[in-house]
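Engineer: Mind looking over this structure? Questions follow.
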Amino acid sequence: MPAAGQTATADATVAWAGLGRWWSLAAAFAAGLALAGAFPPVGFWPLAIAGPALLTLAVWGKGRLATFAAGLTCGAVFFLALLSWLVNVAWYAWVTLTVVESVIFAVLALALPPLLRLRAWPLAVAGWWVLEEGVHDRFPWGGFPWGRLAMSQAAAPTAGWAAIGGPPLLTFLVALAGASIAYLAVTLLAALGKRAGDPAAGGPRARGLRSRAVGIAAIVAGLAAIVALAGNLLWAPPSGPGPTAVIATVQGDVPHARNLPNQLRATRVTANHAAATIALARKIAAGRRPVPAMVIWPENSTDIDPRLSPATYRSIALAVDAIGRPVLVGAVLDYPLRNAGELWLPGRGPVQEYVKRQLVPFGEVIPLRGLLDMFTSLPSLQPTNFTPGHRAVVFHVGRVRLGDVICYEVGFDNLVRSEVLAGANLLTVQTNDADFEVDGQMGETGQQLEMARMDAITTGRAVAVASTTGISAIIGPDGSILTRSRTWQRIALEARVPLRSALTPADRAGNWPELAIIAMTGIALLWAVGRAWRRRRAR
């Protein structure tokens, strides 16, 4: 006699497949909306559990073509909504990135039906999400880590898992909770289908099998939800006495224009940040604000190389001398062109720099430049590719050991981890969100802030986010926001933060949890495909 779980799986496959492909596409569409809603500007974290559940139902019992269609629908809805702020750069950039990411998502979704034929398929589905995100994080052109399930969980009770095994483990558990809910749904569907369509299925043995299967499914779903939601109970950052420092971030703001050329006036942007820093210095001198250990300016706070422009150098130096503290300046440097964080000291000028390592494809570096030049203006907007940096840099300022990541790098776990392993006891994210906020959208800056919060939880480090236009924030090691700005506001933020040097389990483990999950998922997929092939051959 087959096991209860196997009987329920077979019955559910028949019942759900009978609902037709339009139900499948509707479920995939809903999955995409749920995934997008888990991230800012909506930011309702439980939807990150609903998305995997709905996608599982969408592909349940479907063939390759229907699965591809469901995956493409889910991916298109998700990425189109998630990345709507890209329309401020160019509509074709928004559409192209959505198409590329959606097609990759749909191709990878073809692995789901074989995995769903396994007995413990909720585990396999959860592993598939880690595999899918692992591909997106690395391919194409260095990867695009936006939209990972873990990055929607900073305010959730699941978040502590990121400090234990990194964001991939958190993604696995969030997806497991969703897949287990789908497991309960298909088991209930099988039971209802049997009762409605088969009079002979009302006997005691059949009813017992159905009750047992539903009970098992309910237990699995409940346990998965409990495990996923227990992250903050199992991990909390160290507390108690230890070194602290006051950190300041300066958001100088940029001209709030309706088009990028008028908005990004380089000399005005630098002057704004210098003026905001001098205003902070006056408040400190009057005793109204505490003296910071250091001050952080955002990415692109000067787009003119200070070494080549005496006026720019003088403007920054006056602000640094006025505040009398080290200032980390986000600068575009020439020969070679690079995006850097420069440490300026009073009376000395720039003394050390960190160069951005993960460049933005089609922004700071243009792949396929010759092809794109034939039908878009994108290459002319960035005529010279930036040169990437190649190493972590830690800025030593008194007791502060500051690790810097710049804008796009916030989503790459290995880059953030490398700064911690190099000795950083405090992290900063220098960013420029002005390009994406021209029409008032808050999606990009909100999504980036949530990533910074997850970086804080994963590493156990406070994180200072400095943005040209907002949202700037100072984040505690537990992911809590200590202080934050609004958008399009000139403001200096200050907060006293702990300087943590202990490594979290996630930092010690590195990429191994992700690699282990992907490897086990790959083995499960090969097993499922091989078993299906052997059965077809036997028939």
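Bear in mind these aren't lab numbers, they're just calculated from the coordinates by the rules spelled out. All of these numbers come straight from a predicted model, not from anything done at the bench. Backbone-built Cβ (ideal geometry, glycine too); neighbour counts: all protein chains shown.
Engineer: Full-extension gain between ARG21 and GLN352, please, as 0.36 nm times their residue separation minus the C-alpha to C-alpha distance.
Structural biologist: On the way: separation 331, 0.36 × 331 = 119.16 nm, distance 5.91 nm.
Stretched out fully, the ARG21 to GLN352 stretch lengthens by 113.2 nm.
Engineer: For the chain, calculate the relative contact order in percent as a whole number, restricting contacts to Cα pairs under 8 Å that are 6 or more residues apart.
Structural biologist: 16 percent
Engineer: Give me the angle, in degrees from 0 to 90, between the Cα long axis of helix 4-17 and the longest principal axis of the Cα atoms of the chain, rounded to the nearest 10.
Structural biologist: 80 degrees
Engineer: What ³J(HN,Hα) values, in whole Hz, does the Karplus curve 6.51 cos²θ - 1.76 cosθ + 1.60 give for the stretch 419-436 when θ = phi - 60°, with x put for Gly and Pro?
Structural biologist: 5, 5, 5, 7, x, 5, 10, 8, 10, 9, 10, 8, 9, 10, 9, 4, 4, 9
Engineer: For the stretch 245-498, what is the convex hull volume of its Cα atoms per residue in Å³? Display every interim value, and only then the final one.
Structural biologist: Values: hull volume 30.1 nm³, N = 254.
Considering the Cα atoms of the stretch 245-498, their hull volume per residue is 118 Å³.
Engineer: When HIS136, HIS396, HIS273, HIS390 are ordered from fewest to most other Cβ atoms inside 10 Å of their Cβ, what list results? Show your work: numbers first, answer last.
Structural biologist: Values: HIS136 20, HIS396 12, HIS273 30, HIS390 7.
In order of increasing Cβ crowding within 10 Å: HIS390, HIS396, HIS136, HIS273.
Engineer: Taking Cα atoms, how many degrees apart are the long axis of helix 21-37 and the longest axis of the chain, rounded to 10 and kept between 0 and 90?
Structural biologist: 30 degrees
Engineer: DSSP beta bridges in the stretch 245-498, what fraction antiparallel, as a percent rounded to 5?
Structural biologist: Values: 30 of 47 bridges.
So the antiparallel bridges in the stretch 245-498 amount to around 65 percent.
Engineer: Using the charge dipole of the chain (Lys, Arg: +1 at Cβ; Asp, Glu: -1 at Cβ; taken about the Cα centre), state which of VAL246, TYR183, PRO498 has its Cα farthest towards the positive end.
Structural biologist: TYR183
Engineer: What ranking do 473-485, 527-539, 504-516 get when scored by the average of other Cβ atoms within 10 Å per residue, highest first? List each step's numbers first, then the result.
Structural biologist: On the way: 473-485: 20.2, 527-539: 10.8, 504-516: 17.3.
Ranking the peptides 473-485, 527-539, 504-516 by packing returns 473-485, 504-516, 527-539.
Engineer: Another question, if that's okay. Can you tell me how the stretch 90-180 classifies by the Cα gyration tensor, rounded, prolate or oblate, using a/c under 1.5 as the rounded cut?
Structural biologist: Numbers: a/c = 2.29, a/b = 1.25, b/c = 1.83.
In terms of gyration-tensor shape, oblate.
Engineer: For the chain, rounded, prolate or oblate, judged on the Cα gyration tensor with a ≥ b ≥ c (square roots of eigenvalues), a/c < 1.5 rounded, else prolate if a/b > b/c? Please list the in-between numbers first.
Structural biologist: On the way: a/c = 2.62, a/b = 1.94, b/c = 1.35.
Since a/c reaches 1.5 and a/b is larger than b/c, the shape of the chain is classed as prolate.
Engineer: Multiplying the sequence separation of VAL95 and SER480 by 0.36 nm and subtracting their Cα-Cα distance, what value in nm do you get?
Structural biologist: Values: separation 385, 0.36 × 385 = 138.60 nm, distance 3.41 nm.
This chain segment gains 135.2 nm when fully extended.
Engineer: Within 10 Å of each residue's Cβ, count the other Cβ atoms and sort TYR354, TYR313 from fewest upward.
Structural biologist: On the way: TYR354 25, TYR313 18.
Ascending number of Cβ neighbours within 10 Å: TYR313, TYR354.
Engineer: Would you please give the FRET efficiency between ALA502 and ARG64, computed as 1/(1 + (r/R0)^6) with r the Cβ-Cβ distance and R0 = 35 Å, to the nearest 0.05? It would help to have the intermediate numbers written out before the result.
Structural biologist: Values: r = 49 Å, r/R0 = 1.39.
Result of the calculation: an efficiency of 0.10.
Engineer: How much of the DSSP bridge set in the chain is antiparallel, in percent, rounded to the nearest 5?
Structural biologist: Details: 31 of 48 bridges.
Percentage antiparallel, nearest 5: 65.
Engineer: Oh, and also: Could you size up the charge dipole of the chain around its Cα centre, putting +1 on the beta carbon of Lys and Arg and -1 on that of Asp and Glu, and report it in debye to the nearest 20? Let's see the in-between values first.
Structural biologist: Values: 46 positive and 31 negative charges, 343 e Å.
So the magnitude is around 1640 debye.
Engineer: Now for a separate question. Can you tell me which of 242-254, 82-94 comes out highest on packing, and rank the rest after it, using the mean Cβ neighbours within 10 Å? The partial results should precede the final answer.
Structural biologist: Values: 242-254: 22.5, 82-94: 18.3.
Result, highest mean first: 242-254, 82-94.
Engineer: Can you classify the stretch 412-539 as rounded, prolate or oblate using the Cα gyration tensor, where a ≥ b ≥ c are the square roots of its eigenvalues, rounded means a/c under 1.5, and otherwise it's prolate if a/b beats b/c and oblate if not?
Structural biologist: Oblate, because a/c is 1.5 or more while a/b does not exceed b/c.
Engineer: Could you order peptides 288-295, 50-57 by the average number of other Cβ atoms within 10 Å of their residues, highest first?
Structural biologist: Numbers: 288-295: 18.6, 50-57: 26.2.
The densest-packed peptide leads the list: 50-57, 288-295.
Engineer: Ok, one more. Just to confirm the filter: which GluC sites (Glu not before Pro) across the stretch 406-441 are DSSP coil and have at most 14 other Cβ within 10 angstrom of their Cβ?
Structural biologist: Numbers: sites: GLU409, GLU419, GLU437; in loops: none.
For GluC sites (Glu not before Pro) across the stretch 406-441 that sit outside H, G, I, E and B with at most 14 neighbouring Cβ atoms in 10 Å, the list is empty.
Engineer: Using Cβ contacts closer than 10 Å as the measure, can you line up LYS62, LYS356 from fewest to most? Please list the in-between numbers first.
Structural biologist: Working: LYS62 21, LYS356 25.
With the sparsest Cβ surroundings first, the list reads LYS62, LYS356.
Engineer: Oh, and also: How many nm is it between the label spots at ARG537 and LYS283, if each spot is 7 Å from the Cα in line with the beta carbon?
Structural biologist: 7.3 nm
Engineer: For the Cα atoms of the chain, what angle does the longest principal axis make with the long axis of helix 64-82, in degrees from 0 to 90, nearest 10?
Structural biologist: Helix 64-82 sits roughly 30 degrees off the main axis of the chain.
Engineer: Ordered by residue, what ³J(HN,Hα) values in Hz, to whole numbers, does the stretch 234-242 give under the Karplus form 6.51 cos²θ - 1.76 cosθ + 1.60, where θ = phi - 60° and Gly and Pro are x?
Structural biologist: 8, 9, 9, x, x, 10, x, x, x
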